[in-house]
Amino acid sequence: MKIHEYQAKAILKNFGVEVPRGYLAETAIEAKKFAAELGGTVVVKAQIHAGGRGKGGGVKIAKNADEAEAFATEMIGMNLVTHQTGPKGKKVRKVLIEEGLDILRELYLGIVLDRTNGQLVFMASTEGGVEIEKVASETPEKILKEHIDLTVGLQPFQARKLAFGLGLQGEQVKHALKFFNALYKAFMESDCSMAEINPLVVTKDGNVLALDAKITFDDNAMYRHKDFAELRDVYEEEPLEVEASKYGLNYIKLDGVVGCMVNGAGLAMATMDMIKIAGSEPANFLDVGGGASAETVENGFKILLSDKNVKAVLINIFGGIVRCDRVAKGVIKAASKMDINVPVVVRLEGTNAEEAAKLLEESDLSFEVGRNFQEAAEKIVAAIA
Amino acid sequence: MSILVDENTRLVVQGITGSEGSFHTRQMIEYGTNVIAGVTPGKGGQKFDDKVPVFNTLDEAVRETGANASAIFVPPPFAADAIMESANAGIALVVCITEGIPTLDMVKVHAYLKDRNTRLIGPNCPGVISPGKCKIGIMPGFIHQPGKVGLISRSGTLTYEAVKQLSDLGIGQSTCIGIGGDPIIGTTFTDALKIFKDDTDTEAVVMIGEIGGTAEQEAAAYINENLDKPVVAYVAGRTAPPGRRMGHAGAIISGSEGTATEKTEILRNAGVHVAETPAEIGATMQKALS
């Protein structure tokens with residue numbers, strides 16, 4: 001689960017991570033008020049779930065409260081386009097007003113999962129403000145890494161290695177050690193899957209703060225953090241995905257024209273691949289789960305058919321433990337309740353696949369049956385050619 | 001021969017009285033798996049279906065029955081604990097079916113297993129099967145047939161698809177391993193390939209990968225340097241957008257790392273026979289064997 005910068009900073013602050021003083025404004029008038037309260041130079045930052053905001057005009061430095069009001073007026077309501085939003089951009093609804101800082105250095109700090117070692121790893125670099133992937137591919141020697149042994153946690157010597165490795169001195173080191181420990185604690189206790197402070201800044205008076213903060217939570221651990229549910233911003237999500245999540249469906253909208261409904265995530269990805277190989281583009285990822293019950297199929301149809309780009313639907317179910325004839329009956333039951341006006345191809349493989357094909361062919365539905373994976377993909381692409 | 005599980009496997013099921021656990025225990029017994037014990041804390045002393053003794057702890061189950069493998073069907077909040085309990089009791093093979101275990105729980109499990117002689121398969125996987133001998137997991141047994149091709153996969157139903165394609169062509173399997181779709185798993189492609197390498201009855205291996213992480217790339221390096229047996233691979237998710245979790249917690253392209261195209265190319269360069277479509281996994285193996 002992704003959250004906004006202002007939410008991330010509020011959480012980090014609770015754990016003792018230093019962040020600039022700031023306020024969230026939903027109107028330009030509020031922005032002006034908060035800027036005046038902070039005094040002097042402030043930064044106006046558009047709050048959307050995407051990086052690269054500065055280049056798109058979503059981060060501006062205001063010399064005074066009037067300027068802050070003017071920037072907020074520009075930003076609130078605008079469609080901010082960055083390299084992470086796609087060409088349509090994302091609508092800005094809120095801005096963060098933060099105190100301006102006298103910055104000496106911009107660094108990078110992150111905690112991520114090293115999947116190969118099965119360990120968390122602290123990553124730090126002197127190249128603040130640059131995407132870490134870019135640093136990793138161009139100058140990997142500039143990335144410091146400290147793997148964490150979870151049985152003991154982040155050790156002081158590791159924090160020192162990072163701080164001195166970044167070239168910090170005197171007071172800066174003290175602040176950095178406190179920062180690293182607080183960030184680690186926040187990560188562990190909030191079940192983060194990623195935390196990125198880019199840039200981590202050192203101010204002229206020796207302080208170390210998170211100028212930006214991006215954290216994501218592990219969806220699997222959300223049962224331990226019921227209070228995080230309110231951090232979700234549905235405006236940042238695709239409306240159809242929000243709708244699908246109400247039905248408990250695992251759905252991701254894409255830009256193609258062939259809707260697909262599949263049981264199992266791997267087979268769903270493979271089905272999308274097949275649609276592409278057969279010459280079209282998938283409209284979505286949708287995993288209806290192993291059982292593919294009549295109810296999930298019905299909800300799946302509702303979501304797929306709400307996507308105006310969808311010109312055809314491919315259902316690909318591998319019935320293993322669950323028998324295909326039962327799945328077929330569910331599909332027929334679900335479909336007969338609905339007004340389906342696009343071609344549908346159904347492929348059921350596994351136990352009682354033949355009976356299932358017969359049931360579908362003898363039903364009142366105009367569904368086509370694909371006898372195998374290849375045939376199903378070819379039929380669905382032919383149906384819209 | 002086969003690897004990991006066979007006629008000598010003595011299975012204890014953790015969560016045997018739950019709805020998933022009981023359903024799949026019956027399926028496993030029906031397939032011929034030697035299910036000799038179950039564990040559900042608080043239900044010790046009962047008998048599952050009047051035949052399988054249920055114990056309160058793994059230790060007790062191992063002591064009383066000599067179990068050497070476990071299958072885990074407990075809900076996500078308790079699954080990491082169940083894995084560690086098995087490892088602590090000296091179980092050699094732990095197969096964790098549970099989907100949705102918090103990642104930080106698995107980081108702890110990973111550290112816990114480091115110095116123990118326990119192999120973990122999964123979590124978030126369909127399990128392991130040596131056709132005709134033993135099945136630990138939730139896969140449909142009937143699609144398999146005994147033979148000489150090993151299979152390793154991060155997926156569930158896509159694995160069944162591949163197995164069905166193999167069996168339909170008369171290509172049997174030695175052992176099929178669902179290694180799981182999570183970011184942290186007990187047994188990786190490379191780990192499984194190493195075991196298949198030493199199995200004299202496995203002549204070739206199918207690998208089904210997907211987007212996210214670098215496990216396929218690491219496997220490619222291993223195959224290139226160490227494996228003489230033919231390997232057929234398919235990597236799912238070439239149409240997956242970056243930054244989105246495609247069902248499996250581990251199936252996510254981060255930055256530009258972990259795309260299907262990149263993985264496929266690296267595997268191809270390592271001499272792996274790449275199936276051009278997911279419908280041609282069986283046919284590609286048939287060609288590789290001829």
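The values are calculated or read from the model by the stated rules, or taken from the named source; none is laboratory data. Keep in mind it's a predicted model, so treat the numbers as computed, not measured. FYI the Cβ positions are ideal-geometry reconstructions off the backbone, even for glycines, and counts take in every protein chain you see. All accessible areas refer to the heavy atoms of the entire protein, side chains included, with ligands and DNA or RNA removed. Shrake-Rupley method; radii C 1.70, N 1.55, O 1.52, S 1.80 Å.
Annotations
- A:His49 meets the conditions (1) in contact with a His (Cβ under 8 Å, 6 or more places away or on another chain); (2) without any contact (Cβ under 8 Å) to a residue 60 or more places away in the chain; (3) open to solvent by 20 Å² or more (accessible area, probe 1.4 Å) in every case but one. The failed one is (2).
- Residues (within 13 Å of chain A (Cβ to nearest Cβ) and open to solvent by 10 Å² or more (accessible area, probe 1.4 Å)) located in the range B:223-239: B:Arg238, B:Thr239
- Residue ranges of strands (runs of 3 or more DSSP E) in the range A:61-141 with at least 2 members under 26 Å from A:Thr41 (Cα atoms) and modelled with pLDDT of 95 or more: A:95-99, A:103-114
- Filter result (away from chain B (no Cβ under 12 Å) and either of a type in the set (Lys, Arg) or surrounded by fewer than 22 Cβ atoms within 10 Å (Cβ to Cβ) (or both)) within the range A:347-363: A:Glu354, A:Glu355, A:Ala357, A:Lys358, A:Leu359, A:Glu361, A:Glu362, A:Ser363
- Sole exception among (1) more than 10 Å from chain B (Cβ to nearest Cβ); (2) within 21 Å of B:Val163 (Cα to Cα) for A:Ser280, by number: (2)
- Test: residue in the range B:247-263 that is at pLDDT 90 or above, open to solvent by less than 10 Å² (accessible area, probe 1.4 Å), more than 9 Å from chain A (Cβ to nearest Cβ) and touching an Asp or Glu at 6+ places or on another chain (Cβ under 8 Å): yes
- If you check B:Val149, B:Val109 for being of a type in the set (Val, Ile, Thr), out of contact with any Gly (no Cβ under 6 Å at 6 or more places or on another chain), more than 22 Å from B:Glu30 (Cα to Cα) and within 11 Å of another protein chain (Cβ to nearest Cβ), only one passes: B:Val109.
- Restricting attention to the range A:169-197, the residues being part of a strand (DSSP E or B) and open to solvent by less than 30 Å² (accessible area, probe 1.4 Å) number 3.
- Criterion violated by A:Glu141 - all others in (1) surrounded by fewer than 17 Cβ atoms within 10 Å (Cβ to Cβ); (2) under 30 Å from B:Ile185 (Cα atoms); (3) within 14 Å of chain B (Cβ to nearest Cβ) satisfied: (3)
Conditions (1) closer than 30 Å to B:Asp81 by Cβ; (2) within 14 Å of another protein chain (Cβ to nearest Cβ); (3) in contact with a Gly (Cβ under 6 Å, 6 or more places away or on another chain), marked per residue:
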{"residue": "B:Ile129", "(1), (2), (3)": "yes, yes, no"}
{"residue": "B:Pro140", "(1), (2), (3)": "yes, yes, yes"}
{"residue": "B:Glu161", "(1), (2), (3)": "no, yes, no"}
{"residue": "B:Gly181", "(1), (2), (3)": "yes, yes, yes"}
{"residue": "B:Ile195", "(1), (2), (3)": "yes, no, no"}
{"residue": "B:Val206", "(1), (2), (3)": "no, yes, no"}
{"residue": "B:Gly213", "(1), (2), (3)": "yes, yes, yes"}
{"residue": "B:Gln217", "(1), (2), (3)": "no, yes, no"}
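- For A:Ala195, the stated conditions hold: it is within 14 Å of chain B (Cβ to nearest Cβ) and either closer than 24 Å to B:Ala249 by Cβ or in contact with a Lys or Arg (Cβ under 8 Å, 6 or more places away or on another chain) (or both).
- For the range A:240-258, a residue qualifies if it is more than 8 Å from chain B (Cβ to nearest Cβ) and either of a type in the set (S, T, N, Q) or under 20 Å from B:Lys164 (Cα atoms) (or both), and exactly one does: A:Ser245.
- Restricting attention to the range A:364-374 and to residues that are under 41 Å from the mean Cα position of the chain (by Cα) and under 11 Å from A:Ile332 (Cα atoms), the residue that is surrounded by the fewest Cβ atoms within 10 Å (Cβ to Cβ) turns out to be A:Ser366.
- A:Asp233, sole failed condition from (1) acidic (Asp, Glu); (2) assigned by TED's automatic domain parsing to the domain that holds A:Gly370; (3) open to solvent by less than 40 Å² (accessible area, probe 1.4 Å): (2)
- Residue list for the range B:1-20, filter: at pLDDT 95 or above and not in a loop (DSSP other than H, G, I, E, B): B:Leu11, B:Val12, B:Val13, B:Gln14
- In the range A:218-226 there is at least one residue that is under 29 Å from B:Ile179 (Cα atoms), part of a helix (DSSP H, G or I), in contact (Cβ under 8 Å) with a residue 60 or more places away in the chain and not assigned by TED's automatic domain parsing to the domain that holds A:Glu368.
- Filter result (open to solvent by 30 Å² or more (accessible area, probe 1.4 Å) and either over 22 Å from A:Lys329 (Cα atoms) or at the interface with chain B (Cβ under 10 Å from one of its Cβ atoms) (or both)) within the range A:288-309: A:Gly290, A:Ser306, A:Lys308, A:Asn309
- Residue in the range A:259-271 that is at the interface with chain B (Cβ under 8 Å from one of its Cβ atoms), more than 22 Å from A:Ser366 (Cβ to Cβ) and open to solvent by 40 Å² or more (accessible area, probe 1.4 Å) present: no
- Candidates in the range B:86-97 are the residues that are buried (at least 17 other Cβ atoms within 10 Å of the Cβ) and not small (Gly, Ala, Ser); of these, the one that is nearest to the other protein chains (Cβ to nearest Cβ) is B:Ile97.
- Residue count for the range A:40-60, restricted to those that are over 24 Å from A:Met1 (Cβ atoms) and modelled with pLDDT of 95 or more: 5
- Answer from B:Leu193, B:Leu289 - the residue that is modelled with pLDDT of 95 or more, open to solvent by less than 10 Å² (accessible area, probe 1.4 Å), more than 24 Å from A:Gly264 (Cα to Cα) and aliphatic (A, V, I, L, M): B:Leu193
- Any pair with Cβ under 7 angstrom, 6 or more apart, that starts in the range B:270-290 at a residue that is more than 9 Å from chain A (Cβ to nearest Cβ) and ends at one that is assigned to a loop (DSSP other than H, G, I, E, B) and open to solvent by less than 10 Å² (accessible area, probe 1.4 Å): B:Ile281/B:Ala275; B:Thr284/B:Ala275
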